1. Calculate, in nm to one decimal, what Asp121 and Val76 gain on full extension: separation in residues at 0.36 nm each, minus their alpha carbon distance.
2. What distance in nm lies between label points placed 7 Å from Cα along the C-beta direction at Ala165 and Ser114?
3. Can you tell me which aspartates and glutamates have their Cα less than 19 Å from the Cα of Lys85? Leave out same-chain residues fewer than eight positions away.
4. State log₁₀ I(q)/I(0) for the chain at q = 0.08, 0.12, 0.14, 0.15 Å⁻¹ as given by the Debye formula over alpha-carbon point scatterers of equal weight, solvent excluded.
5. For region 92-155 and region 16-79, write down the distance between their C-alpha centroids in whole Å.
6. For the pair Tyr52 and Gln7, what calculated FRET efficiency results from E = 1/(1 + (r/R0)^6), where r is the Cβ-Cβ distance and R0 = 30 Å, to the nearest 0.05?
7. Taking just the C-alpha trace of region 109-169, give me its Rg and Dmax in Å.
8. Any chance you could list the semi-axes, whole Å, largest first, of the equivalent ellipsoid that the Cα gyration tensor gives for region 1-57, using √(5λ)?
Amino acid sequence: MPLSSHQMQEAAALLPGLLAHEQELQFLRFTNDDALTLGTRLVTLAKQRTPYKGITVAITRSGQLLFHHAMQGTTVDNENWIRRKTNTTVRLQHSSYYIGRLLATKDQAEMEQSYRVSSADYACHGGAFPLIIKDVGCVGAIVASGLKQDEDHALVVQAIREMIADQSK
C-alpha cells in the first residue's frame, strides 16, 4: 500500500536526527570485552523497558559475532531479523532505521528497488546501528530485534550512548 504524503514527510523529518546519532555515537575503541559490556547493557535495558517482551541482541565486528543473547520468548524469526538488519547496516553503513525511513521518503517499503538486494537477506527496519570507530568508520553492527522498529532503534541508541559516556569517564 502506498504511503501518504504525510507519512513520507514524517519519515523525511526523522532523517537528520538519525544521521546525527551516527555522527555522535562513535567509539574511540571497541574490544571484545566492550562487546560483552555493551551487549549485557542492552539486555539489561531491554528487561527494564519491556520485561514481558522477548528481544534478541547481537553485536558483530568485522564479520565476527562478538555478543549474542536471545531472551525468553524469542524465536528463530528474531535471528532472521538480526541477520537481515545486520546485512543492511554493514553494507550501507547506516542504521537500518535510517535506511527504512530514507526509502519511505520515496514511497518504498523494501530495498529491492533502490539497492537491488533481496528482502530475504536485507531488512530496512529499525534495530541495527553501525558500530562506528572514530576516524575509522563502520566496522560492524549493534542490533536488537523484538520490539517495534523505532523502539529497537531507541534501545540500541540508548545503550551505545551510555557506554560511550562511561568510556569517557
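FYI, it's all coordinate maths here, none of it is from the lab. Just so we're clear, the structure is a prediction, and the values are computed from it rather than from any experiment. Neighbour counts are summed over all protein chains in view; Cβ atoms, including those assigned to glycine, are modelled from backbone coordinates with ideal geometry.
1. Numbers: separation 45, 0.36 × 45 = 16.20 nm, distance 1.47 nm.
That works out to 14.7 nm of additional length.
2. 3.1 nm
3. Glu22, Asp77, Glu110, Glu112, Asp121, Asp150, Glu151, Asp152
4. These q points yield log10 I(q)/I(0) values of -0.22, -0.49, -0.68, -0.78.
5. Taking the Cα centre of region 16-79 as reference, the centre of region 92-155 is 14 Å away.
6. Details: r = 29 Å, r/R0 = 0.98.
Computed FRET efficiency for Gln7 and Tyr52: 0.55.
7. Computed over the Cα atoms of region 109-169, radius of gyration and Dmax are 13.9, 45 Å.
8. On the way: eigenvalues 185, 78, 15 Å².
The equivalent ellipsoid of region 1-57 has semi-axes of 30, 20, 9 Å.
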